[in-house]
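Scroll down for the structure; my scribbles are underneath it.
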Amino acid sequence: MKKKDIKSRKDIFLLVSTFYTKVRKDTMLAPFFEIIQDWDKHIQVLTTFWESNLFLKTKYLGDPLITHVKVDKVFNHSIKQEHFGLWLNLWLETIDNLFEGEYANRAKQKARKMTTFIYLEIFESRIKKD
């Protein structure tokens, strides 16, 4: 059976919700996500984020760099490169299980870049010693 490409907000919602179900079950990643109190809202925010990144037709108003730096601070600067690698592997696996095509590949590439930028921002914030 041929998988379809990511083509709509509904597809992105499926990807994001499926992915974060895996993240919340992962022993290494789950603790960092326990601070989220309203998962329904969070999934909608992340769906908008990915919709904005993939389709450029919605506008995401948050700042993932600052958000992740704050989470790292809450957890005593314990987020490591391995956490980002695990996160990325789960993201790629989820995409591969659900979709294929141009936008699926774009979602993978954007996630690869994003993990690098966010980790570098966290690392730099530690040097500045907020």
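Roughly how many nanometres apart are two label points built 7 Å out from the Cα toward the Cβ at ARG112 and HIS42?
2.7 nm
Rank by packing, highest mean first: peptides 36-46, 14-24, 70-80, with packing defined as the count of other Cβ atoms within 10 Å averaged across residues.
Ranked by mean Cβ neighbours within 10 Å, highest first: 14-24, 70-80, 36-46.
How big is the C-alpha Rg of the range 1-97 next to the rule-of-thumb value 2.2 N^0.38 Å, as a ratio?
Numbers: Rg = 14.0 Å, N = 97, 2.2 N^0.38 = 12.5 Å.
Here the Cα radius of gyration is 1.12 times the empirical estimate.
Too long at a 24 Å Cα-Cα cut-off: which of LYS4/LYS108; LYS4/LYS110; LYS25/LYS57; LYS22/LYS59; LYS3/LYS80? Intermediate results must be reported in sequence, preceding the final value.
On the way: LYS4/LYS108 15 Å; LYS4/LYS110 19 Å; LYS25/LYS57 32 Å; LYS22/LYS59 26 Å; LYS3/LYS80 33 Å.
Pairs exceeding 24 Å: LYS25/LYS57; LYS22/LYS59; LYS3/LYS80.
All of the numbers you see were taken from the coordinates with simple rules; none came from a lab. Bear in mind the structure is a predicted one, so any value in this text is a computation, not a measurement. Note that we place each Cβ from the backbone using ideal geometry, even for glycine, and neighbour counts take in every protein chain shown.
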